[in-house]
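The values are calculated or read from the model by the stated rules, or taken from the named source; none is laboratory data. Keep in mind it's a predicted model, so treat the numbers as computed, not measured. Neighbour counts are summed over all protein chains in view; Cβ atoms, including those assigned to glycine, are modelled from backbone coordinates with ideal geometry.
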Amino acid sequence: MLAELEDERGKLGQESLAFKDRRSQLNAEASKWAAKRNELNRATEELIDKAQEFKKLRDESNKNVAQSKKKRDESNEKINQLYARIDDIRKKYNLTGECSIRDLRREMDHLEFRQQTEVLSPDKEKQLVDKIAALHAEFKGRKEQLEKNEELRKLLDEAQFLRDQASSFHDQVIKFAELAQECHDQMIGAFKEADQTRAEADAAQKEFVKAQ
């Protein structure tokens, strides 16, 4: 009887040691998953902060786009008003031909925009370049003729100043629009990474619960 009790105590002792070993293994496993979960949660927070910063930069760039567009459009409106006055004076004194200098300027701008934005065959591009060059020459000659009139010369100088200004504002529109798009893409990328690390953190949390 005593031998049986000793036997039973020995078995219980072994089971207790096995249980303690298993408990230690599970605790170590739980600690490992907890550390991984915490690391992933920190990474997720950092990525969200990064995405929010890109969002802020994107919104600021879009605001700058809107402001630059407004200034560009205001300059173009003043240019149109000046060219309207120039045309009135031109007609009053019967200066130059039928086509106004404003129409020449618009045609030049239209063709230059086509040259910058359209994909053309070499022949068509050469035709377009030649046409733009011809219009520039005609515009220059027409402008020189009009500048003989003092009032017109001042208006043309003012129109050229405003056109340079409008061109500068347009360059800013393009620059800020490209920056806004770049920040938007980086924001989306950071949010996607955050979603991935969050999912991995959730998986690590499940493993941690299982190990407890």
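Considered as a group, the residues in the stretch 146-174 that are within 13 Å of residue 101 (Cα to Cα) and within 33 Å of the chain's Cα centre (by Cα) include one that is surrounded by the most Cβ atoms within 10 Å (Cβ to Cβ), and that residue is 159. For the stretch 185-208, state whether one or more residues are touching a helix residue (DSSP H, G or I) at 6+ places or on another chain (Cβ under 9 Å), over 30 Å from residue 54 (Cβ atoms) and surrounded by 13 or more Cβ atoms within 10 Å (Cβ to Cβ). Checking the stretch 185-208: at least one residue is touching a helix residue (DSSP H, G or I) at 6+ places or on another chain (Cβ under 9 Å), over 30 Å from residue 54 (Cβ atoms) and surrounded by 13 or more Cβ atoms within 10 Å (Cβ to Cβ). For the stretch 38-85, filtering for residues that are among the polar types (S, T, N, Q) and in contact with a Phe, Trp or Tyr (Cβ under 7 Å, 6 or more places away or on another chain) leaves 4.
Does residue 70 qualify as being surrounded by fewer than 17 Cβ atoms within 10 Å (Cβ to Cβ) and modelled with pLDDT of 95 or more? Yes: the conditions hold for residue 70. Residues that are closer than 23 Å to residue 80 by Cβ, in a loop (DSSP other than H, G, I, E, B) and among the charged types (D, E, K, R) within the stretch 97-154 comprise 98, 147, listed in sequence order. Quick check on this structure: which one of 143, 124 is over 28 Å from residue 57 (Cα atoms) and surrounded by fewer than 17 Cβ atoms within 10 Å (Cβ to Cβ)? Only one candidate passes the filter, namely 124.
Exactly one residue out of 80, 41, 94, 64 is modelled with pLDDT under 95, over 26 Å from residue 193 (Cα atoms) and part of a helix (DSSP H, G or I): that is 80.
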